[in-house]
Each structure stands twice: as structure tokens, then as C-alpha cells.
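Colleague: Have a look at this one before I ask anything.
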């Protein structure tokens, strides 16, 4: 495992611990888990040769923005229905972008 990947994984784990599990779920969705799952799918697509490095980078940037938005929304320990909807839309869009890049 290279050092960059290890550091990224440690940062994700730290963000999960800091933000707390009480906020992790809103409307039955564990956003941190969904973001991590999508990140793993991006890495898997790269390893399988379905996407190239620049596509992986742009998808990871999207996920970092979603993660940042999630952390902003969860600072007050409450994600409103509007915020939850915005997160769902961004996650779906990112998932669709991955699909398009894989099969384009």
C-alpha cells in the first residue's frame, strides 16, 4: 500500500470519528458509508482499467467535495431534509458520472 493511499484512509477514518455516528445517518442513509463505497468503486474501476488516471482524479475530487459538504452539514449534529436531499443528489450524480466514464 503506498503512503498516499494510507494517509487518505487515515484521514477518512479520522473524519468519521470526529463527526460522530449520531450524524452519520439521516433519513436512513449513512452518508459516510456511501461516500466510502463510491470511493472504493472508483478505485476498483481504475484497477480494472475501466477508467484512466485523470478520470479517477476528477471522480475523487467530486467525492472530496461531497465529503466536505457532508461535514459542513453535520457540524450542528443535525442534517435537515433539504441538506439530505442535496447530499443524495450529489451522490447519485457522482455515481452516474462513474458509470458514464466506465462505459463511455
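Colleague: Would you point out the residue of the range 24-50, among those that are modelled with pLDDT under 55 and either part of a helix (DSSP H, G or I) or crowded, with 17+ Cβ neighbours inside 10 Å (or both), that is farthest from the chain's Cα centre (by Cα)?
Modeller: Just the residues of the range 24-50 that are modelled with pLDDT under 55, to begin with: 24-26.
Of the ones still in play, those that are also either part of a helix (DSSP H, G or I) or crowded, with 17+ Cβ neighbours inside 10 Å (or both) are 24, 26.
On the way: 24: 13, 26: 15 Å.
Taking the candidates together, the pick is 26.
Colleague: Okay, next question. For the range 42-52, name all the residues that are farther than 17 Å from residue 90 by Cα and in contact with a helix residue (DSSP H, G or I) (Cβ under 7 Å, 6 or more places away or on another chain).
Modeller: Once the filter is applied, which keeps residues that are farther than 17 Å from residue 90 by Cα and in contact with a helix residue (DSSP H, G or I) (Cβ under 7 Å, 6 or more places away or on another chain), the range 42-52 yields 45, 46, 50, 51.
Colleague: Name the residues in the range 55-82 that are touching a residue at least 12 places away in the same chain (Cβ under 8 Å) and in contact with a strand residue (DSSP E or B) (Cβ under 9 Å, 6 or more places away or on another chain), would you?
Modeller: Within the range 55-82, 73, 74, 78, 79, 81 qualify.
Colleague: Does residue 71 satisfy being in a helix (DSSP H, G or I) and modelled with pLDDT of 95 or more?
Modeller: It is true that residue 71 is in a helix (DSSP H, G or I) and modelled with pLDDT of 95 or more.
Colleague: With the condition kept exactly as written, say whether any residue in the range 16-23 is modelled with pLDDT of 95 or more, surrounded by 11 or more Cβ atoms within 10 Å (Cβ to Cβ), within 16 Å of the chain's Cα centre (by Cα) and part of a helix (DSSP H, G or I). Before you say what the answer is, go through the steps one by one.
Modeller: First, pick out the residues of the range 16-23 that are modelled with pLDDT of 95 or more: none.
Looking through the range 16-23, none of the residues is modelled with pLDDT of 95 or more, surrounded by 11 or more Cβ atoms within 10 Å (Cβ to Cβ), within 16 Å of the chain's Cα centre (by Cα) and part of a helix (DSSP H, G or I).
Colleague: Sort out which residues of the range 51-68 are assigned to a helix (DSSP H, G or I) and over 12 Å from residue 31 (Cα atoms), and write them in order of number.
Modeller: Those that are assigned to a helix (DSSP H, G or I) and over 12 Å from residue 31 (Cα atoms): 53, 54, 55, 56, 57, 58, 59, 60, 61, 62, 64, 65.
The values are calculated or read from the model by the stated rules, or taken from the named source; none is laboratory data. Predicted, not measured: the structure shown is a model, and the values here were computed from it. Here Cβ is always computed from backbone atoms with ideal geometry, including for glycine, and neighbour counts include all displayed protein chains.
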